[in-house]
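Each remark here refers to the structure printed beneath this line.
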Amino acid sequence: MRGPVRAQGGKTTVVPSVVLAALLMAAAGSAQTASLPLNVTQAELDARGIGANWPSYNGDYTGRRFSSLTQITPTNVANLRAQWVFHSDTAGTLEVTPVVVNGVMYVTASNDAYALDATSGEVLWHYSRPVSPGLVDDASGHISRGVALWGNRLYMETDNAHLLCLDARSGHLIWDVAYAAWNKNYGGTSAPLVVHGKVLVGTSGGDDGVRGFIAAFDAETGALVWRRWTIPGPGEPGSSSWPGESYLHGGGTAWMPGTYDPELNTLYWGTGNAGPDYDRSVRPGDDLYTASLLALDADTGRLKWYFQFTPHDVYDFDGEETPVLIDGDYQGQPHKLLIEANRNGFIYVLDRSNGRFLSARRFAQRLNWATGIDAQGRPIFTNVQPSASGTLTCPGDAGATNWFSPSWNESTGLFYFMELDECTVNIVMPEKFAEGKTFYATGSRQEPHGQSRKLLVAFDQKTGKIVWNYPQAGDGQSWGGVMSTAAGLVFFADDVGFFEAVDGKSGKSLWHFNTGQSFHASPMSYAVDGRQYVAIASGSDLFSFALP
């Protein structure tokens with residue numbers, strides 16, 4: 001077995017088989033795994049709690065990014081040291097969260113995939129595929145946020161919305177499915193999610209005049225199992241907001257992975273903004289199901305319920321933020337809860353078994369588009385709307401938070417997330433859809449003499465109160481997320497290129513490391529041979545840390 005090996009437009013480079021076997025043995029700590037470094041089962045994916053392995057984008061289906069590992073503690077975290085750095089020369093900026101199983105790490109960079117020795121960063125295999133020319137907006141950045149694993153297969157999305165299935169032992173391409181080939185404004189930027197033999201994907205392009213959907217493909221064959229459109233067609237429930245053919249360009253894309261409750265067999269998936277972004281005149285009403293959370297039957301894609309965070313969104317307030325699943329008390333009664341810090345500036349708590357609205361709490365430092373949330377969970381709007389001359393809007397078009405990961409810690413009972421304190425001037429100028437162009441109609445500019453900053457926020461859902469926040473130095477440019485551990489640590493990407501750890505109870509800073517680059521990714525943790533590591537991508541590099 002020697003590389004390179006070519007297959008259907010991609011190239012896999014592998015090390016010689018003897019060397020690969022040795023590397024896999026070293027990575028997994030056992031000769032038994034040399035020929036089969038992983039076999040990810042549904043039982044492992046269903047498990048709540050993340051230990052030595054981090055088998056999916058958020059670690060587990062709950063989206064909590066809560067690691068049960070405790071080797072790194074508040075008392076020794078100051079001794080944390082970088083162990084290795086992996087550099088990608090195929091991506092401008094990495095947005096990937098690594099996945100680790102049995103000592104092997106899987107990462108993506110643009111349309112490339114890598115298997116790495118998780119203890120050293122050494123490349124075990126590399127699948128290479130050229131980036132796609134002529135893409136629009138986010139897709140033109142060739143962003144990839146990671147992979148999904150199932151059995152001994154690896155799944156990833158490409159920049160032009162193809163779903164690839166690779167052999168995770170070798171990097172060889174097994175199949176390639178184009179799942180949004182009929183409109184070149186579609187793209188793929190997410191990590192897939194695998195549930196019961198189905199690979200779930202969505203697309204980017206909500207700012208570019210596409211019709212959003214979530215699709216499930218058979219993990220063995222790549223055949224389409226179901227597709228759930230997020231913009232209803234003529235005559236379907238919720239279609240009154242979409243006159244004529246406007247539904248074909250209504251946005252509502254699903255450009256981040258969702259979460260899943262195995263007991264309820266329910267997927268929870270966020271949808272993006274309505275399209276065109278700022279021109280409300282062509283899409284009256286609530287614009288279902290944009291800026292929403294959809295609860296879907298995992299077997300069929302049937303819509304069980306939905307909750308719309310921002311009806312008739314004219315602020316670019318995507319609902320793509322991670323819907324985090326926790327079981328806990330609400331007003332003294334046990335509930336299956338869902339908590340989300342939304343881009344619109346409010347934290348929501350829902351009953352995930354039926355979608356019932358329980359509470360909302362403003363967290364945004366500055367917020368002028370609404371005065372609050374009513375008893376049904378709908379915003380109480382002000383008259384702040386985009387205008388031809390420009391309207392100051394708070395939060396701004398990037399939202400009070402965004403796609404970067406939050407974390408809920410069962411040890412501290414707190415929910416952690418990154419807040420962006422920023423306003424923008426939003427402008428409307430009607431335009432017609434054109435393939436190959438954006439469909440914002442028109443956009444925004446920075447607040448004159450305004451300031452932007454990031455804050456790490458700790459929220460107690462039992463009391464509905466912000467427990468503490470930790471303001472960052474910098475000008476609000478970090479797009480890094482949060483991960484917490486059972487030892488009471490919160491790891492996050494700060495706003496000036498430092499990877500940092502704080503005490504989860506107090507927010508006190510305990511350790512930091514200067515990567516020298518900006519963050520567009522979220523952290524994770526794993527263990528090999530009993531040694532805990534913490535990893536995060538920064539710039540075009542991936543860093544892994546451990547105690548000496």
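Results, tabulated for the structure shown:
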read-out: Positions within segment 125-149 being surrounded by 23 or more Cβ atoms within 10 Å (Cβ to Cβ) and either touching a helix residue (DSSP H, G or I) at 6+ places or on another chain (Cβ under 8 Å) or without any contact (Cβ under 8 Å) to a residue 12 or more places away in the chain (or both), in sequence order; value: TRP125
read-out: In segment 345-373, the residues that are buried (at least 16 other Cβ atoms within 10 Å of the Cβ), under 18 Å from GLN308 (Cβ atoms) and either outside the structural domain of PHE417 (by TED's automatic domain parsing) or among the small types (Gly, Ala, Ser) (or both); value: GLY345, GLY355, SER359, ALA360, ALA370
read-out: Number of the exception - ASP89 against (1) modelled with pLDDT of 95 or more; (2) surrounded by fewer than 23 Cβ atoms within 10 Å (Cβ to Cβ); (3) under 28 Å from SER518 (Cβ atoms); value: (1)
read-out: Positions within segment 287-316 being acidic (Asp, Glu) and either in a loop (DSSP other than H, G, I, E, B) or not assigned by TED's automatic domain parsing to the domain that holds VAL199 (or both), in sequence order; value: ASP287, ASP299, ASP313, ASP316
read-out: Strands (runs of 3 or more DSSP E) completely within segment 412-455 that count 3 or more residues being under 30 Å from PHE66 (Cβ atoms); value: 414-421
read-out: Residue, surrounded by the most Cβ atoms within 10 Å (Cβ to Cβ), within segment 422-443, restricted to residues that are under 17 Å from ALA400 (Cα atoms) and in contact with a Pro (Cβ under 8 Å, 6 or more places away or on another chain); value: ASN426
read-out: Residue ID - surrounded by the most Cβ atoms within 10 Å (Cβ to Cβ), chosen from residues in segment 73-86 that are more than 18 Å from SER522 (Cα to Cα) and β-branched (Val, Ile, Thr); value: VAL77
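The values are calculated or read from the model by the stated rules, or taken from the named source; none is laboratory data. As the structure is a prediction and not an experimental result, all values here were calculated from the model. Neighbour counts are summed over all protein chains in view; Cβ atoms, including those assigned to glycine, are modelled from backbone coordinates with ideal geometry.
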